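Let me begin by handing over the structure; questions about it come next.
The values are calculated or read from the model by the stated rules, or taken from the named source; none is laboratory data. These figures come from a predicted structure and were not determined experimentally. With ideal geometry, Cβ positions are generated from the backbone for all residues, glycine too; neighbour counts draw on all protein chains shown.
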Amino acid sequence: MSSYDYIVVGAGTAGSAIASRLSEDPKKRVLLIEAGGSDRSFLIRMPLGFLKALTKPWFTWGYTTEPEPGLNGRVLPVPRGKLLGGSSSINGM
């Protein structure tokens with residue numbers, strides 16, 4: 001079984017940056033874990049493709065709001081990225 005000095009959970013913007021900085025010390029072993037897949041899909045890379053990606057369960061966690069009284073009880077999606085780069089990968093930039 002492998003051992004690590006640091007385990008970073010989540011390869012979003014912050015997790016990737018932290019893992020990168022921690023791994024600068026060659027004496028330290030760093031493991032970066034991400035639940036989602038790659039950010040190399042054309043839906044992520046293509047302008048406006050991210051709108052289609054927001055409907056795919058392999059790119060987002062599927063979070064929603066509680067029913068909103070001011071919106072006649074509607075439940076709204078809260079897109080949160082489940083892939084390398086995290087929510088930064090699905091923000092349409």
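For the stretch 40-89, which positions are β-branched (Val, Ile, Thr) and under 21 Å from residue 8 (Cα atoms)?
Passing the criteria: only 60.
Can residue 52 be described as surrounded by 12 or more Cβ atoms within 10 Å (Cβ to Cβ) and assigned to a loop (DSSP other than H, G, I, E, B)?
When the stated conditions are applied, residue 52 does not pass them.
So which residues in the stretch 11-40 are closer than 14 Å to residue 81 by Cβ, touching a strand residue (DSSP E or B) at 6+ places or on another chain (Cβ under 8 Å) and part of a loop (DSSP other than H, G, I, E, B)?
Within the stretch 11-40, 11, 34, 36, 38, 39 meet the criteria.
Separate question: Assess whether residue 47 counts as being part of a loop (DSSP other than H, G, I, E, B) and modelled with pLDDT of 85 or more.
No; evaluated as a whole, the condition is false for this residue.
From the list 70, 92, pick out the single residue that is assigned to a helix (DSSP H, G or I), surrounded by fewer than 17 Cβ atoms within 10 Å (Cβ to Cβ) and not aromatic (Phe, Trp, Tyr).
Exactly one residue qualifies, and that residue is 70.
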